[in-house]
Ligand SMILES: Nc1ncnc2c1ncn2[C@@H]1O[C@H](COP(=O)(O)OP(=O)(O)OP(=O)(O)O)[C@@H](O)[C@H]1O
Ligand SMILES: [Mg+2]
């Protein structure tokens with residue numbers, strides 16, 4: 001999800017404040033002078049002592065030690081020194097801190113030595129004895145470069161900070177949005193069982209209100225309806241438990257399985273009392289030989305119920321909805337499945353295509369889905385129903401549950417003929 005313009009502006013403003021509100025402390029560079037002769041060392045000290053923090057070394061090892069302890073910006077190195085030569089010191093200094101700027105002082109060196117120094121990224125060389133203004137200019141320029149590099153580095157760090165703050169903001173927003181979607185999904189999914197419960201409570205009330213004393217037949221009736229209510233209450237609890245687990249990022253239990261025919265019977269019972277059934281007809285065809293399907297039962301009921309309710313709601317006039325199960329003993333030929341004018345596929349690439357596969361179809365004889373609408377049906381909050389009739393979450397929930405179950409979905413639709421949603425899920429032997 002893209003962050004909102006507001007949040008981006010806020011984050012950008014915060015970082016601009018950060019960049020502007022922290023005035024850079026007055027920068028005073030650190031200069032290292034390395035010469036084994038006392039005379040030039042002392043004159044360099046006099047020249048630079050007021051401008052920079054000075055460090056003095058009379059030989060290479062001392063210079064390296066100082067570089068390890070201090071944050072040196074520029075070094076002035078005599079090339080010809082007893083012991084370690086200036087070139088060696090330069091090499092070691094660059095190793096300690098590659099950004100150090102080095103100015104070499106040469107006396108009678110060959111061009112080869114000077115070339116070598118430049119190869120080791122010395123920035124300048126000055127003849128000895130040096131003249132003060134040349135030396136000042138060379139050190140001044142080197143310091144300026146270090147200062148600029150430092151600023152670039154700090155700004156790069158600030159930009160990096162800005163980027164990571166924006167990223168954090170994005171993640172936060174993503175989490176908030178996911179939470180919002182999940183809360184909406186809980187309400188959407190619980191609404192189904194709640195409607196059934198409230199319908200049965202009304203029926204029970206009417207029955208109880210009619211009779212002055214309860215006959216055995218009444219008791220049976222009440223018991224039966226209470227059983228259905230209890231099951232639906234269980235369903236509500238299970239739905240919220242699963243969604244809340246999702247919110248808390250608890251891993252879902254590994255591959256639970258459920259009997260297909262048992263589940264289709266439950267579904268039939270639910271549909272029979274579902275308010276969206278109205279005058280429509282429906283049929284549920286179970287499997288000839290039952291198998292289990294590797295998915296949580298509540299999830300599968302949610303998938304099939306969402307598809308069935310959509311099928312009932314697709315046309316105002318009474319029409320027929322067929323729900324059936326089938327076991328496939330050969331893997332699907334995935335090449336055959338293509339998105340098109342009349343077809344929409346979901347998670348074909350994520351399908352666990354090992355047999356047995358269980359195929360569930362929910363087909364209606366409604367108006368079909370227009371080609372311009374078909375690509376949008378799985379988007380969250382997309383609905384063609386009135387504002388009080390649809391939230392547009394049903395198919396988005398179906399999509400998520402199918403992906404979680406390593407299944408796939410195929411929607412085939414034809415204008416004026418109807419729509420069939422086919423769900424493929426990995427199956428297994430009963431009792432596994
Ligand atoms: N069987 C169908 N026949 C025709 N159109 C369908 C069918 N199933 C889904 N659609 C189209 O897909 C859209 C999205 O369906 P989805 O289930 O996501 O949301 P909804 O049914 O509109 O709202 P909700 O599920 O929240 O009640 C529907 O509004 C409808 O236009
Ligand atoms: Mg729906």
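Since every read-out is calculated from the coordinates, none of them should be taken as a lab result. The model shown is predicted, which means the values in this text are computed figures rather than measured ones. Please note: Cβ atoms are built from the backbone with ideal geometry, for glycine as well, and neighbour counts cover all protein chains shown.
Listed values, structure above:
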{"item": "Kirkwood Rh, angstrom, segment 175-323 [1 / mean 1/r, Cα pairs]", "result": "17.3 Å"}
{"item": "Cα point-scatterer Debye curve for segment 341-432, base-10 log of I(q)/I(0) at q = 0.13, 0.18 Å⁻¹", "result": "-0.48, -0.85"}
{"item": "Calculated FRET efficiency for the pair residue 230/residue 53, C-beta based, R₀ 60 Å, to 0.05", "result": "0.15"}
{"item": "For segment 136-285: relative contact order, % (alpha-carbon pairs under 8 angstrom, 6 or more apart)", "result": "28 percent"}
{"item": "Burial ranking of peptide ranges 183-192, 393-402, 147-156 (average Cβ count within 10 Å, highest at the top)", "result": "393-402, 183-192, 147-156"}
{"item": "Helix axis angle, 394-404 relative to the chain longest principal axis, alpha carbon, degrees", "result": "70 degrees"}
{"item": "Tensor-based shape of segment 43-144 (alpha-carbon gyration tensor, a/c under 1.5 rounded, otherwise prolate or oblate)", "result": "rounded"}
{"item": "Among 377, 33, 132: highest mean-square fluctuation, GNM of the chain, C-alpha pairs under 10 Å", "result": "132"}
{"item": "Interatomic Cα distance distribution for segment 155-216, bins of 5 angstrom, percent", "result": "4, 14, 10, 10, 8, 8, 7, 7, 6, 5, 5, 4, 4, 3, 2, 2, 1, 0"}
{"item": "When the chain is reduced to its Cα atoms, the Kirkwood hydrodynamic radius in Å", "result": "28.7 Å"}
{"item": "Cα-projected label distance for residue 175 with residue 269, points at 7 Å along beta-carbon direction, nm", "result": "4.1 nm"}
{"item": "FRET efficiency, residue 183 to residue 213 (Cβ-Cβ, R0 35 Å, nearest 0.05)", "result": "0.15"}
{"item": "For segment 91-119 and segment 335-389, distance of Cα centres in Å", "result": "71 Å"}
{"item": "For segment 291-342: span of alpha carbons on each principal axis (Å, largest first)", "result": "39, 32, 16"}
{"item": "Highest to lowest packing among 328-336, 92-100, scored as the average C-beta count within 10 Å", "result": "92-100, 328-336"}
{"item": "For segment 115-162, the spread of Cα positions along each principal axis, largest first, Å", "result": "49, 25, 7"}
{"item": "Fully extended contour minus Cα-Cα distance, from residue 278 to residue 164, at 0.36 nm per residue", "result": "35.6 nm"}
{"item": "Shape of segment 262-371, Cα gyration tensor, a/c cut at 1.5", "result": "oblate"}
{"item": "Cα gyration tensor shape for segment 374-422, rounded if a/c is under 1.5, else prolate or oblate", "result": "oblate"}
{"item": "Among 339, 112, 218, residue whose mean-square fluctuation peaks in a GNM of the chain (springs only between Cα atoms under 10 Å)", "result": "112"}
{"item": "Pair-distance profile P(r), taking every C-alpha pair of segment 99-248, with 5 angstrom steps and integer %", "result": "2, 7, 9, 8, 7, 6, 5, 4, 4, 4, 4, 4, 4, 4, 4, 4, 4, 3, 3, 3, 3, 2, 2, 1, 0"}
